[in-house]
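**Student:** A single structure is presented below for examination.
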């Protein structure tokens, strides 16, 4: 989901104090400054690995299934093959006895849980292969190696690609978005930055193979600040750019713009937000894009000029062709902003943000627990008010991320300056701050938002996601050690994993298999210098 922070100035100070060694967040969606930690080597691919990095598993060709012959044993495996071939078919003749068999890649036999089975000769033909254990989806909750790649939990990693924003497609590819400087190789695509840095968006298969890549062509600096995928695989991404850029349909002024791509990565249209920071995006079933964030100076969008009272929250809807449908401004005398956006199964729009009290989102003036509180707001697809929930403490509170599941429930994450009030319920925080994050799951019905559960995660996080089973994935790190955790149906910890050599996981999403895709950073040190380095990769379910 999304990473990054709002442009509220007070947030920067809070984050710099909390993210010791993990870098501090910039303005809404801004690129974090790097922290320090040791680098990690990429997972080693097999002999068939491609130029974009190893896939972490053996890649020699598997033996073909057995053909008729005196023994019925399948052809040998690729280079360095195994003594056990593919499982022979029933047409292969035999006289008596048994033989080992394995219908997967013979090189995986006795790696992890994978084991060969046994075939028996029955009436002159080899029977079915019984007792074999084939590779399965890696389960990070178990200490075993289910996918038989010689590693636990982590499946593959590709070095050199910075991606803070991720989203899974309906076809179970994953789209990454970030920025790069100089040159980078993504599959057969050799990319060269046109300015100081270009934004990139790329689609990858779940095994790590790249499918397509999109690159901006501005003369200065561009970066992806938000990303979402629609039901047809189309991609909407917000891109920050310091200079005017023509994305393909006319020059957009410096600031923040939305770029819409087809499912094959082809450019379709763009919409300029100017100085409004509308980083968080979602795409509904009709192909319409919602963008949310904030603005702190007058801005003209779709012919409408808006003027904020201070820093005001802003959300808008663009149709499938990029035409403005509606926009909504919310604010009071203080700083108000949106920090996340998600869609309910019925098409309602749910927004996470912060408000300074007394803001009317449509249901009357909001309550206040302190100076700055967290708020969740539900709007209809037409932008009309549905429900809202304010939660927070007597201190300044900051929302972090929002994710939804197929059942219409919403996971939210937030900082922990003190005990957090959810109406009559209280989340006790034994050690306020202290490099941890709060997570709550909310349900929404006609009577409003209700709290299903709350949980404390013992590391700092900037990104959460929800898997198909409704489990919540929290990604981040602490003390220069990256962390990913999965919480269960009641908020309980299912597993926690530290990808080797990484400092901080900046973005995370889930595939329909429950597997976890991530974008992370670390420090690559040489004898003379240290530079920030990046990885994308996949963990088990």
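The values are calculated or read from the model by the stated rules, or taken from the named source; none is laboratory data. Small disclaimer: the values here were computed from a predicted structure and weren't measured. Reconstructed Cβ throughout: ideal geometry from the backbone, glycine too, with neighbour counts over all protein chains shown.
**Student:** Residue 180 is checked against (1) crowded, with 21+ Cβ neighbours inside 10 Å; (2) more than 16 Å from residue 512 (Cα to Cα); (3) at pLDDT 95 or above and fails just one. What number does that condition carry?
**Tutor:** (3)
**Student:** Oh, and also: Among the residues of region 192-208, write down those that are part of a strand (DSSP E or B) and surrounded by 17 or more Cβ atoms within 10 Å (Cβ to Cβ).
**Tutor:** Correct list: 197, 198, 199, 200, 201, 202, 203, 204.
**Student:** Please note which strands (runs of 3 or more DSSP E) are completely contained in region 263-380 and include at least 3 residues that are more than 30 Å from residue 247 (Cβ to Cβ) and at pLDDT 95 or above.
**Tutor:** Strands (runs of 3 or more DSSP E) meeting the threshold: 373-379.
**Student:** Can you tell me which condition residue 438 does not meet? The list is (1) in a strand (DSSP E or B); (2) touching a residue at least 12 places away in the same chain (Cβ under 8 Å); (3) surrounded by fewer than 19 Cβ atoms within 10 Å (Cβ to Cβ), and all the others hold.
**Tutor:** Exception for residue 438: condition (3).
**Student:** Quick test of your reading of the structure: residue 315 fulfils all but one of (1) surrounded by 19 or more Cβ atoms within 10 Å (Cβ to Cβ); (2) closer than 29 Å to residue 195 by Cα. Name the failing condition by number.
**Tutor:** Going through the list (1) surrounded by 19 or more Cβ atoms within 10 Å (Cβ to Cβ); (2) closer than 29 Å to residue 195 by Cα, residue 315 breaks only (2).
**Student:** Go through the residues of region 414-431 one by one and say whether even a single one is part of a loop (DSSP other than H, G, I, E, B), within 25 Å of the chain's Cα centre (by Cα) and buried (at least 17 other Cβ atoms within 10 Å of the Cβ).
**Tutor:** yes
**Student:** Residue 163: surrounded by fewer than 19 Cβ atoms within 10 Å (Cβ to Cβ) and either touching a residue at least 12 places away in the same chain (Cβ under 8 Å) or out of contact with any helix residue (DSSP H, G or I) (no Cβ under 9 Å at 6 or more places or on another chain) (or both), yes or no?
**Tutor:** no
**Student:** Determine, yes or no, whether residue 228 is in a loop (DSSP other than H, G, I, E, B), more than 30 Å from residue 99 (Cα to Cα) and touching a residue at least 12 places away in the same chain (Cβ under 8 Å).
**Tutor:** Criteria not met by residue 228.
**Student:** Which fully enclosed strands (runs of 3 or more DSSP E) of region 462-519 have 3 or more residues being touching a helix residue (DSSP H, G or I) at 6+ places or on another chain (Cβ under 8 Å) and closer than 20 Å to residue 435 by Cα?
**Tutor:** none
**Student:** Any idea how many residues of region 129-145 are touching a residue at least 24 places away in the same chain (Cβ under 8 Å) and either farther than 11 Å from residue 101 by Cβ or in contact with a helix residue (DSSP H, G or I) (Cβ under 9 Å, 6 or more places away or on another chain) (or both)?
**Tutor:** 9
**Student:** Kindly check whether there is at least one residue in region 130-153 that is in a strand (DSSP E or B) and surrounded by fewer than 19 Cβ atoms within 10 Å (Cβ to Cβ).
**Tutor:** Scanning region 130-153, I find at least one residue that is in a strand (DSSP E or B) and surrounded by fewer than 19 Cβ atoms within 10 Å (Cβ to Cβ), so the answer is yes.
**Student:** Quick one: residue 452 ticks every box in (1) modelled with pLDDT of 95 or more; (2) buried (at least 19 other Cβ atoms within 10 Å of the Cβ) bar one, so which box is it?
**Tutor:** (2) is the only condition that residue 452 fails.
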